[in-house]
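Structure, as structure tokens:
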Amino acid sequence: MNEAILEIKDLSFTFPGYPGLDFPELFRDLNLKVEKGEIRVILGKPESGKTTLSRIITALIPRYSGGSLSGQVKLDGVEINGNQPYNLIQKAGTVFQNPDEQIITTRCDAEIAFPMESMGWGKKQIAERIDFGLESTGISHLRYRDPATLSGGEKRKLLLASLFAVNPPLWILDETFEELDPASLRAILKTILSQERTIIIFMTKPPAVLEEHNVKFSILYKGTLFHKEDSPENFKKLMIEEGLLLDPERYHSIQPYKKREPLLKIENLSYSYNTAGAFTLEIEHFKLNKGEIISIVGRNGSGKSTLGKILCGLLKPDSGQIFAYRESGLSPLDTKNLNALTGFIFQNPDYQIFLPTVKEELSYGLNPDEAAVDKIIELFSLPGKEVPPALMSYGARKRLQGAVYYLFEKDLYIVDEADSGLSVEDFASMITRFHQKGSTVLFITHNMELSRVFSERVYIMENGSVVQTADEDSFNLVNGYFAGKIEDQA
Amino acid sequence: MIANLYLQGNTPVHKFDPRIKLALLLFMTVSFFLTDSIPVTGGFLFFILLLVSLNGIKQVLRSIHSILPLLIFVAILTPPFHPSGKVFYAFHSLVLLSSDGIREALRLIIRFTGITSLFFLFFLTTEVDDLILSLMWFKIPFTATLVITIALRYIPHITHIYSNVTDAHKLRRGTDFEMSGGFRNRMKNLFPVLVSVLIQSIRAIPALAMALETKGLGFNAQRQSFRDINIFGSIILQLVIAFAIVLVVVLVTLL
């Protein structure tokens with residue numbers, strides 16, 4: 001038997017409550033042993049405690065959160081209880097779920113260098129390790145870029161590069177892979193696993209590529225861990241129960257490709273960011289139909305989110321036009337028309353939620369009647385009218401965000417970064433609701449299951465352009481993309 | 001914490017040694033207070049704006065635009081407190097506008113605009129890393145330089161959150177959401193945005209502390225720096241230019 005890098009024994013943890021509100025115990029008698037060379041994927045729905053567990057292992061919790069913790073956590077033979085996070089960086093390195101929270105410098109190479117500078121490594125050694133980190137994650141071309149100008153996936157690659165450089169014995173990745181495109185993920189996994197490494201990966205939706213590797217799965221369920229190796233059959237049931245896997249009995253059909261009325265189209269549109277080195281978005285033709293569900297896939301930094309932001313009028317294109325099909329013919333849309341036409345589900349629900357109760361939140365700016373509020377609360381399984389959104393779980397806040405948009409009559413709903421934060425069940429119910437009211441739904445994803453099951457059409461983007469439209473004739477191409485086999489042509 | 005002011009570019013101001021730039025920044029700031037002469041401080045302001053336009057860093061002008069309400073405030077409120085000189089407008093015995101009042105308001109406006117554009121010119125053209133290295137070159141300890149730079153970045157950070165939240169609200173409200181229009185309407189729309197911004201910016205604080213500690217801040221070792229300050233072109237030439245500026249400023253201030 002290999003030597004254990006991480007040993008968690010009988011861990012229990014409860015967050016401190018507020019006056020009048022106590023939190024239930026988050027973990028109870030949780031046990032985990034990770035051996036050297038093991039890749040352990042810990043699955044769990046949002047709010048199941050994945051981030052908390054990753055932060056307990058790196059000694060950030062309870063240091064920053066308070067709360068009562070009991071049990072034992074041993075990292076590479078050292079008891080972490082009472083240890084400081086900065087003393088553990090040689091033993092365990094971590095990538096946060098939200099890269100914007102973790103990135104602190106203003107240049108990519110400086111970001112990778114920071115922990116090595118803290119540890120006082122030699123200049124020459126740091127320089128070599130920076131090169132290694134950049135090469136391993138395939139982002140050497142971003143070396144001098146300001147991280148603020150990178151895409152979500154690129155930021156994650158940057159933080160991974162920092163781990164490659166320091167190479168601690170244990171890597172802890174919190175939802176790191178969920179925004180990486182399959183080809184990048186395949187390449188990075190190959191590099192990570194080319195050397196013996198011990199990694200714990202927390203995720204909500206395991207990508208298919210993982211199954212090609214020797215990976216052990218666990219699920220965080222009701223405060224404790226169930227390991228797949230203990231009972232593989234129950235494990236799958238548990239995943240479906242937790243909404244982490246699409247229930248094959250409920251979602252089985254591949255959406256048929258239908259001929260539909262057109263909603264809007266883009267003609268010769270271009271947009272470029274003000275920063276040196278950033279790409280230019282150039283779209284010759286792009287069309288959305290009424291009532292369809294379509295997905296956009298493509299490499300990190302290929303312009304998917306930028307296109308989404310242009311479609312909802314948050315970014316103004318440098319040139320080109322977006323037209324709506326109206327009865328009177330084609331009519332051009334400006335950013336304000338687009339604001340009104342489109343709902344954009346921001347990844348962070350708290351940007352859009354701010355009122356003291358669910359009811360007020362749903363009534364804000366619209367004043368729907370009591371019955372409509374009740375109906376929508378039921379439709380989106382919200383916890384109740386008078387519940388303060390700030391104290392609801394992430395999944396419930398996300399559903400509330402969906403409900404708010406549902407009330408506004410929008411022709412088009414865009415769900416960006418559908419991969420992160422939401423369980424498949426929550427995702428599925430949100431887009432199904434939008435679809436059922438007859439609106440067009442566009443979602444951006446790297447998850448093949450979601451794209452295959454829910455979308456009628458798929459657009460593939462590359463280097464700022466739409467390169468392929470896939471419908472019934474060319475789903476093979478999409479499959480190639482998801483298998484990570486479409487090579488970067490840059 | 002990801003936001004910062006730096007604007008990638010290749011202008012001579014970008015390439016100027018950050019240590020000399022930092023020293024010049026402090027010197028020029030002080031020199032705005034060394035003299036009361038409007039032509040002299042006006043000349044300084046002209047020089048700075050010339051530098052801005054020659055290098056095409058138009059974001060500096062945006063910063064002046066953002067302090068415009070404050071400048072208007074100064075222009076209206078300063079003259080009544082300096083009633084001496086030739087009186088232009090008085091309400092009964094209260095002098096509201098006089099030659100001294102105008103002069104004083106002009107003086108304050110020039111100083112304020114000058115210093116604002118100076119600082120923005122510096123931060124738009126100097127990388128945060130270079131600023132840290134320069135401060136450390138002046139023997140300021142790393143933790144202190146980090147605190148200074150993070151404090152400076154907190155403003156663009158909040159601006160970044162603010163623009164995200166306004167975007168989010170814009171889509172939520174559709175067409176009736178306007179950040180312009182009447183004062184009342186603006187205030188009504190501003191309140192929910194500010195609540196979200198406040199919550200987000202408070203949440204960012206422990207996250208930043210956690211990020212710094214997972215990157216080894218606090219680790220007991222002599223801190224290393226992975227790179228040195230980039231030097232473009234001749235440092236002697238840059239020093240000569242800097243000295244020439246200092247000399248001219250000192251001479252015009254004294255004469």
Revision key, fill the gap. Among residues of the range B:213-241 being facing chain A (nearest Cβ under 7 Å) and touching a residue at least 40 places away in the same chain (Cβ under 8 Å), the residue nearest to B:Asp129 (Cα to Cα) is B:Ser225
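Can you pull out the strands (runs of 3 or more DSSP E) entirely within the range A:119-236 that have at least 1 residues that are more than 14 Å from chain B (Cβ to nearest Cβ)? Explain how you work it out, then say what you get.
Values: elements: A:170-174, A:198-203, A:216-221, A:224-227.
Hits in the range A:119-236: A:198-203, A:216-221, A:224-227.
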Review point. If we scan the range B:57-78, do we find a residue that is part of a helix (DSSP H, G or I), closer than 23 Å to B:Phe120 by Cβ, touching a helix residue (DSSP H, G or I) at 6+ places or on another chain (Cβ under 7 Å) and in contact (Cβ under 8 Å) with a residue 60 or more places away in the chain?
Key: yes
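Each row is one residue, and each column tells you yes or no for (1) modelled with pLDDT under 90; (2) outside any helix (DSSP H, G or I); (3) in the same structural domain as B:Lys58 (by TED's automatic domain parsing); (4) within 30 Å of B:Phe46 (Cβ to Cβ).
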{"position": "B:Phe119", "(1), (2), (3), (4)": "no, no, yes, yes"}
{"position": "B:Ser134", "(1), (2), (3), (4)": "no, no, no, yes"}
{"position": "B:Tyr154", "(1), (2), (3), (4)": "yes, no, no, no"}
{"position": "B:Thr159", "(1), (2), (3), (4)": "yes, no, no, yes"}
{"position": "B:Ala168", "(1), (2), (3), (4)": "yes, no, no, no"}
{"position": "B:Thr175", "(1), (2), (3), (4)": "yes, no, no, no"}
{"position": "B:Gly181", "(1), (2), (3), (4)": "yes, yes, no, no"}
Practice item. Looking only at the range A:53-76, count how many residues are touching a residue at least 40 places away in the same chain (Cβ under 8 Å), facing chain B (nearest Cβ under 9 Å) and within 22 Å of the chain's Cα centre (by Cα). Key: 1
Review point. Can you tell me which of B:Thr159, B:Thr125, B:Thr166, B:Thr143 is β-branched (Val, Ile, Thr) and closer than 27 Å to B:Phe33 by Cα?
Key: B:Thr125
Review point. Since A:Phe380 meets every condition but one in (1) aromatic (Phe, Trp, Tyr); (2) farther than 24 Å from A:Asp22 by Cβ; (3) within 14 Å of chain B (Cβ to nearest Cβ), which condition does it not meet?
Key: (3)
Review point. Among B:Ile110, B:Ile57, which is the only one that is surrounded by 19 or more Cβ atoms within 10 Å (Cβ to Cβ), within 30 Å of A:Asp146 (Cβ to Cβ) and not hydroxyl-bearing (Ser, Thr, Tyr)?
Key: B:Ile57
Exercise for review: Quickly run through the range A:194-219 and pick out the residues that are among the aromatic types (Phe, Trp, Tyr) and farther than 16 Å from A:Lys236 by Cα.
Suggested key: A:Phe202
Review point. hydroxyl-bearing (Ser, Thr, Tyr) and surrounded by fewer than 20 Cβ atoms within 10 Å (Cβ to Cβ): does that describe A:Thr137?
Key: no
Check your understanding: Considering the range B:232-255 alone, what residues qualify as being exposed (fewer than 12 other Cβ atoms within 10 Å of the Cβ) and in a loop (DSSP other than H, G, I, E, B)?
Key -> B:Gly233, B:Ser234, B:Leu255
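Take the range A:99-142 and flag every residue that is among the small types (Gly, Ala, Ser) and either over 21 Å from A:Leu185 (Cα atoms) or not assigned by the TED database to the domain that holds A:Ala165 (or both).
So the first thing to find is which residues in the range A:99-142 are among the small types (Gly, Ala, Ser), and the list is A:110, A:113, A:118, A:120, A:122, A:127, A:133, A:136, A:138, A:140.
The answer is A:Ala110, A:Ala113, A:Ser118, A:Gly120, A:Gly122, A:Ala127.
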Study note, to complete from the structure: Residue hits (the range A:156-174; crowded, with 24+ Cβ neighbours inside 10 Å, of a type in the set (D, E, K, R) and closer than 17 Å to A:Thr51 by Cβ) are A:Arg156
Practice item. Just give me the residues in the range B:1-36 being of a type in the set (S, T, N, Q) and in contact (Cβ under 8 Å) with a residue 24 or more places away in the chain, in sequence order. Key: B:Asn4, B:Thr11, B:Thr29, B:Ser31, B:Thr35
Check your understanding: In the range A:92-115, how many are within 7 Å of chain B (Cβ to nearest Cβ) and assigned to a helix (DSSP H, G or I)?
Key -> 7
Check your understanding: So how many residues does the range B:40-56 have that are free of Cβ contacts under 8 Å to residues at least 60 places away in the same chain, assigned to a helix (DSSP H, G or I) and not polar (S, T, N, Q)?
Key -> 4
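The values are calculated or read from the model by the stated rules, or taken from the named source; none is laboratory data. Quick caveat: nothing in here was measured; it's all calculated off a predicted structure. Backbone-built Cβ (ideal geometry, glycine too); neighbour counts: all protein chains shown.
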